[in-house]
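First up is the structure itself, then whatever we jot down about it.
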Amino acid sequence: MVLSIYFFIGRLDVFGDSSYNKIKNKTFADLIYAGTLETWYGGWSWIEPTWTLSVEMWATFLIYLVAFTGHQYRGRFFFYLGIIVFFMSMDSLGYFNLVSYAVSRPVKQIPYFIIGVAFSDMENMA
């Protein structure tokens with residue numbers, strides 16, 4: 001429903017020419033396809049504000065896996081720290097051109113989700 005409103009407002013040229021030029025050749029069927037498949041699986045979508053939806057979906061799967069795995073261990077915060085350091089080091093090595101690998105936008109957000117898991121897991125501490 002929200003994407004339909006976004007599409008309608010974009011068609012009225014409320015956001016300006018650059019936004020209208022992206023959707024002037026798109027139909028409502030294109031909107032349905034983009035809203036159901038493109039935005040959820042991380043592909044580039046012509047609906048720019050929806051890039052966070054794929055990040056939320058894949059990070060939620062990862063968070064449930066990490067929380068379910070680490071919940072029963074005493075050293076689970078070392079587990080969380082290891083995952084955070086792993087993903088941040090991948091990003092840093094690519095940023096400083098020490099490896100020829102660039103981390104995608106969703107992968108850059110994963111450490112922040114893991115930090116959230118660690119904070120929420122503090123409730124289970126004895």
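Read-outs: derived from the displayed coordinates by stated rules, not from any lab. Since we're looking at a predicted model, the values are computed, not measured. Cβ placement follows ideal geometry from the backbone for every residue including glycine, while neighbour counts extend to all protein chains displayed.
A crude spin-label estimate for the pair Ser120 and Arg11, with each label 7 Å from Cα along the Cβ direction, gives 3.8 nm. Note on segment 53-124: dipole from Cβ charges, positive end direction compared against Phe79, Phe96, Ala59; the farthest Cα belongs to Phe96.
Based on every Cα atom in segment 53-124, Rg and the maximum pairwise Cα distance Dmax equal 13.0, 40 Å.
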